[in-house]
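Here is the structure we will look at, set down as structure tokens.
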Amino acid sequence: MSMVGEYMSNQIFSINHDKYVHEAIDEMCQNNISALLVKDHGKYVGIITKMDWMHLFLKGECDPGEVKVSSVMTTIANTIDVAQSVAEAGAIVEKKRIRHIPVTREGKIVGMFSVKDLERYYLQLHKLTAF
């Protein structure tokens, strides 16, 4: 059984809660990622994704140059432990309709598991079982 820790991104990208959304967008674009963990006084408190701000921006509810990250972030509600299975992560993604899950070890965030990681897992599985 494959564990989340084998497929997650070990590099954590984050932004402070008091930064502006345009700074978060710039950070995501520069690093070719689609989510950032949000920090407040050194503690991870939320997540902001490209989809979050895109929906708000398209609705006319978010000017990326004037709105702070803390106003549009989602509080971290779901995490998964490095020792849990990729199947369990996939079930969370499907049930909660989310694309990113912070990964923990002993309660501390150590990485991020995304839909892209899930896709990579299934592609590798397919290669192993393909004729």
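Per residue of region 21-32, in order, report the coupling 6.51 cos²θ - 1.76 cosθ + 1.60 (Karplus, θ = phi - 60°) as ³J(HN,Hα) in whole Hz, putting x for Gly and Pro.
Here the 3J(HN,Hα) series is 4, 4, 5, 5, 4, 4, 4, 5, 5, 4, 9, 6 Hz.
Sequence-distant or interchain residues sharing an amide H contact under 5 Å with VAL45, placed H: which?
VAL38, LYS39, ASP40
For LYS108, give me every one of the lysines with a C-alpha distance below 20 angstrom, ignoring sequence neighbours fewer than eight places off in its own chain.
Excluding near neighbours in sequence, the set is LYS39, LYS43.
Given 25 °C and 0.890 mPa s, compute D for region 3-59 with the Stokes-Einstein relation, Rh being the Kirkwood radius over Cα pairs; round to the nearest whole µm²/s.
Translational diffusion coefficient: 202 µm²/s.
If you count the DSSP beta bridges with both ends in the chain, what percent of them are antiparallel, to the nearest 5?
Around 75 percent of the beta bridges assigned by DSSP in the chain are antiparallel ones.
Viscosity 1.306 mPa s, temperature 10 °C: what is the translational diffusion coefficient of region 12-131 from Stokes-Einstein with a Kirkwood Rh over Cα pairs, rounded to a whole number of µm²/s?
Working: Rh = 15.3 Å.
Estimated via Stokes-Einstein, D reaches 104 µm²/s.
Give the lysines whose C-alpha is closer than 20 Å to that of LYS127, dropping any in the same chain fewer than 8 places away, or say none.
Within the straight-line cut-off, LYS127 pairs with LYS116.
Would you calculate, for the chain, the mean residue ellipticity at 222 nm contributed by helices, counting each DSSP H stretch of 4 or more residues as -39,500 (n - 2.57) and dividing by all residues, to the nearest 500? All intermediate terms of the calculation are to be shown ahead of the outcome.
On the way: 6 runs with 53 residues, N = 131.
So the helix-based figure for the chain works out to -11500 deg cm²/dmol.
Using DSSP to define loop residues, name the trypsin sites (Lys or Arg not before Pro) in region 1-96 whose beta-carbon has at most 10 other beta-carbon atoms within 10 Å.
Details: sites: LYS19, LYS39, LYS43, LYS50, LYS59, LYS68, LYS95, LYS96; in loops: LYS19, LYS59.
In loop regions of region 1-96 (DSSP not H, G, I, E or B), the sparsely surrounded trypsin sites (Lys or Arg not before Pro) are LYS59.
Computed from the coordinates by the stated procedures, all read-outs in this text should not be read as laboratory data. Just so it is clear, the structure is predicted and the values come from calculations on it, not from any experiment. A quick note on method: Cβ atoms are made from the backbone with ideal geometry, for glycine too, and the neighbour counts reach across all protein chains shown.
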